Amino acid sequence: MLRIAIVGCGKIADSHASQIQRIKGCEIVGVCDREPLMARQLYERFPVQAYYSDMTLMLGESRPDVVHITTPPESHHDLARFCLESGCHVYVEKPFTLFEHDAQDLISLANERGLKITTGHDDQFTHVARRMRALVQSGFLGSGPVHMESYYCYELSDTGYAGALLGDKQHWIRRLPGKLLQNIISHGVARIAEFLTSDSPEVIAHGFSSPFLKSRGETEIIDELRVIISEDSGATAYFTFSSQMRPSLHMFRIYGKKNGLVLDHDQETLIKLRGTRFKSYVEKFVPPVIFAKQYLGNLRTNLKCFLARDFHMKSGMKYLIESFYGSIEEGTPVPIPYREILLTARIMDAIFAQLDPKHSQIREEIPLQSLSTS
Amino acid sequence: MKRTKENDFIIRPDDLILVTGATGFIGSRVVRILLNRGFHKIRCLARPSTQPSKVAALRNQATGPELQLFSGNLLSREDCAAATKGVAVVIHLAAGRGEKSFPDAFMNSVVTTRNLLDACLGNQRLKRFVNVSSFAVYNNAEKTQGNLLDETCPVEMHPEARGEAYCFAKTKQDEMVTEYGKEHGIPYVIVRPGAVYGPGNLAISGRVGIGTFGLFLHLGGSNPIPLTYVDNCAEAIALAGLRAGIEGEVFNIVDDDLPSSREFLRLYKRQVKRFPSLYIPKVVSYCMCHLWERYCAWSQGQLPPAFNRSRWNSFWKKTDYTNEKLKERLGWKPVISTQDGLQSYFEACRAEEGHA
């Protein structure tokens, strides 16, 4: 039985606890939060053995094999390091760390200690994301990616999250080097990083505060971001984050020399794009039928998953956690290669350095070596 | 029961009152009522994220220098200490309303309340802590249909099972206040408003029905809806902060002449807008809630636990309500009749529809 602990008992910890309790062969032995009441509320609502407000005490008493870190990002590095030093495998919520060199430090430490570490890029493990990965690996694109487009949007309005963030000048999001973007974009960037072959792609970023934010007197937060990524092999990618465009997309498009694929994360649909054309007017009539058939196929697949009780909103998280635990117990590779975690961190560093030059001053340049150690 | 005297108050007009959530739907009215009653030293706590228009509206209520606008966050112990300094009465309205996430609702209701109570511990001047709770905390499962829900009814023992973050947070908040009352001698009063309505909160109460599935499902039928017009509710809350001899008591807040769900919906359709609705008989809605609950458990939460028997009992079981204790002990009487309140509410709804 794998012994699991959770550090940080806020909103995302609920998702972790819900998915962990669906996985056989593990138990939550402790939850911890600096605020004891928060730890207790999680303890009261889930099958958890004990709750703590002191992580050292929890690690000593509960003796977890794996610790999930679900605190705000600024504490990820220090907490993960402490857990690794205490001999625990670690699952760190996204973003993995604030800087690439912190990510490198954790991965090096995990390798030194013979422990495993992963990050919460669970969107890459939904049913549809796994179907897409399988198709790419089967050679459907006809080559490596020629171009990719990743959309990761987030609706900002006066209520809820945005209201709290905009009105509170002390909000923890504002303390992050990349502010709002740092807390959100890693899902969308990681999708691109998965398929890049170079360790040092060129990154050109353009970001600005939307008219919506400006109208509320906000100039510190950037909520519109466009990024071009290119590598020596010729592969390119666009990344788009927007708080204002509608629909608020979570979409990934990948094109090879032969065919392309379109993944819609919100609808969980995967559409194949044929690289060849029909002749003359046939191109106007047959492809719509093919698309209609594909959408019906997606509907059938989604319904099948739903009826099989395997279509939870956080199904990707369950799959990722289960795969991570499997890699620990069976000694198999981790579900997210370390190279991909580091490359995601490197691209994010490059974006924030261009948006805010101060970011690059605190960032240390560490060569991206030994990326394939996993 | 002891009948109350008109001005049997625990504080004088120059004692300081703290109102949390003072720019909110109910809070702003509580401040106005206190000012109208001559209590002019009011410290109004609002989050830093409060819209400037709401702060300006509050500021316009009084021109005197003694209406203090205090921008602070109840999650900060320092802010709580500063906010409670020298206050004689705390009227605690701020809460994590509208939060769907349990941790967020809990943090913004329970952790904040604990911080406020801790800050009050060293305050020798404190005479009353009014905790604004909700009808959501009541467990209505054991009573037969049509029975009276009053202040003696039990609260949810397992609020987490309701699948409603607000219910969980409010139940835990009440527990916290009661515990501080018993263990630390905090002089508290708990008030539990029913469905508060009026200009500023135009949504149709979930007790009438739900529009989640595209078509409005009318679930209330002949049930009385425990409405309280926002000014009436604010009046009761203000009195709970002032009236002598009610320490440790709980008060439910509902108006007189409550309309049935069917009546409310008919009036709404006639006076605001027409929309299709489907009446679901109680036995059917109960079975649907039961089935949803079982499916949730069987599928390990593939659907959110939004509908279950606990929620049905709380929201859609036929229940009668009383405001007898409110009238007897607080000397409360509705400032606005239900007929006038509904009229004002429908007018605001029509205006909103006109803007949409």
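So which residues in segment B:113-124 are surrounded by fewer than 24 Cβ atoms within 10 Å (Cβ to Cβ) and within 14 Å of chain A (Cβ to nearest Cβ), if there are any at all? Once the filter is applied, which keeps residues that are surrounded by fewer than 24 Cβ atoms within 10 Å (Cβ to Cβ) and within 14 Å of chain A (Cβ to nearest Cβ), segment B:113-124 yields B:ARG114, B:ASN115, B:LEU117, B:ASP118. Could we say that B:GLY86 is at pLDDT 95 or above and assigned to a loop (DSSP other than H, G, I, E, B) here? So B:GLY86 fits the description; yes. Scanning segment B:129-138 finds no residues that are closer than 25 Å to B:ILE246 by Cβ, within 14 Å of another protein chain (Cβ to nearest Cβ) and not in a loop (DSSP other than H, G, I, E, B). The residue that is farthest from A:LEU273 (Cα to Cα), among those in segment A:288-315 that are small (Gly, Ala, Ser) and more than 14 Å from every other protein chain (Cβ to nearest Cβ), is A:GLY297. Where strands (runs of 3 or more DSSP E) fall wholly inside segment A:1-96, the ranges with 1 or more residues that are without any contact (Cβ under 8 Å) to a residue 60 or more places away in the chain and either among the basic types (Lys, Arg) or within 14 Å of chain B (Cβ to nearest Cβ) (or both) are A:26-32. Of the residues making up segment A:195-227, those that are surrounded by fewer than 14 Cβ atoms within 10 Å (Cβ to Cβ) and not polar (S, T, N, Q) are A:GLU202, A:ILE204, A:HIS206, A:PRO211, A:LYS214, A:GLY217, A:GLU220.
Looking at segment B:325-339 only, could you name the residues that are part of a helix (DSSP H, G or I) and either touching a residue at least 40 places away in the same chain (Cβ under 8 Å) or of a type in the set (A, V, I, L, M) (or both)?
Result: B:LYS325, B:LEU326, B:GLU328, B:ARG329, B:LEU330, B:THR338, B:GLN339.
Which one is farthest from the other protein chains (Cβ to nearest Cβ) among residues in segment B:319-336 that are surrounded by fewer than 17 Cβ atoms within 10 Å (Cβ to Cβ) and closer than 19 Å to B:TYR138 by Cβ? Out of the qualifying residues, it is B:GLU324.
Rundown of residues vs (1) within 29 Å of A:PRO145 (Cα to Cα); (2) among the hydroxyl-bearing types (Ser, Thr, Tyr), yes/no style:
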site	(1), (2)
A:ARG175	no, no
A:ASN183	yes, no
A:SER209	no, yes
A:LYS214	no, no
A:GLU218	no, no
A:ASP223	yes, no
A:ARG226	yes, no
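For A:PHE324, indicate whether it is under 28 Å from A:LEU196 (Cα atoms), out of contact with any Leu (no Cβ under 9 Å at 6 or more places or on another chain), more than 14 Å from chain B (Cβ to nearest Cβ) and surrounded by 14 or more Cβ atoms within 10 Å (Cβ to Cβ). It is true that A:PHE324 is under 28 Å from A:LEU196 (Cα atoms), out of contact with any Leu (no Cβ under 9 Å at 6 or more places or on another chain), more than 14 Å from chain B (Cβ to nearest Cβ) and surrounded by 14 or more Cβ atoms within 10 Å (Cβ to Cβ).
Restricting segment B:299-318 to residues that are more than 14 Å from chain A (Cβ to nearest Cβ) and part of a loop (DSSP other than H, G, I, E, B), which is farthest from B:MET157 (Cα to Cα)? Across segment B:299-318, the extreme among qualifying residues is B:LYS318. Each residue in segment B:166-200 was checked for being touching a residue at least 60 places away in the same chain (Cβ under 8 Å), over 13 Å from the mean Cα position of the chain (by Cα) and within 14 Å of another protein chain (Cβ to nearest Cβ), and 5 of them qualify.
Scanning segment B:20-60 for residues that are of a type in the set (S, T, N, Q) and assigned to a strand (DSSP E or B) yields a total of 1. Within segment B:215-245, the set of residues being within 15 Å of B:LEU330 (Cβ to Cβ), among the β-branched types (Val, Ile, Thr) and out of contact with any Asp or Glu (no Cβ under 9 Å at 6 or more places or on another chain) comprises B:ILE237 only. Just one of (1) without any contact (Cβ under 8 Å) to a residue 40 or more places away in the chain; (2) touching a Leu at 6+ places or on another chain (Cβ under 6 Å); (3) closer than 22 Å to B:ILE336 by Cα fails for B:ILE210. It is (3).
Anything in segment B:337-348 that is buried (at least 16 other Cβ atoms within 10 Å of the Cβ) and either of a type in the set (Val, Ile, Thr) or under 21 Å from B:PRO224 (Cα atoms) (or both)? List them, or say none. Within segment B:337-348, B:THR338, B:GLY341, B:LEU342, B:SER344, B:TYR345, B:PHE346 qualify.
From the list A:ILE12, A:ILE6, the lone residue that is in contact with a Ser or Thr (Cβ under 9 Å, 6 or more places away or on another chain), crowded, with 22+ Cβ neighbours inside 10 Å and under 22 Å from B:PHE106 (Cβ atoms) is A:ILE6. Being touching a residue at least 60 places away in the same chain (Cβ under 8 Å), away from chain B (no Cβ under 14 Å) and surrounded by fewer than 13 Cβ atoms within 10 Å (Cβ to Cβ) is true of A:LYS257. If you go through segment A:299-321 and keep only what is within 22 Å of A:GLY188 (Cα to Cα) and more than 14 Å from the chain's Cα centre (by Cα), you end up with A:PHE311, A:HIS312, A:MET313.
How many of the residues making up segment B:80-101 are at the interface with another protein chain (Cβ under 10 Å from one of its Cβ atoms) and either among the acidic types (Asp, Glu) or crowded, with 24+ Cβ neighbours inside 10 Å (or both)? Residues meeting the conditions: 1.
Exactly one residue among B:GLU142, B:GLU156 is without any contact (Cβ under 8 Å) to a residue 60 or more places away in the chain and within 23 Å of B:PRO305 (Cα to Cα), and that residue is B:GLU142.
For the structure I just gave you, tell me whether B:LEU342 is closer than 30 Å to B:PHE168 by Cβ and either touching a strand residue (DSSP E or B) at 6+ places or on another chain (Cβ under 6 Å) or touching a residue at least 24 places away in the same chain (Cβ under 8 Å) (or both).
Working: closer than 30 Å to B:PHE168 by Cβ: no; either touching a strand residue (DSSP E or B) at 6+ places or on another chain (Cβ under 6 Å) or touching a residue at least 24 places away in the same chain (Cβ under 8 Å) (or both): yes.
The answer is no for B:LEU342.
The values are calculated or read from the model by the stated rules, or taken from the named source; none is laboratory data. Just so you know, these numbers come straight off a predicted model, no measurement behind them. Here the Cβ is made from the backbone with ideal geometry for all residues, glycine too, and neighbour counts use every protein chain on show.
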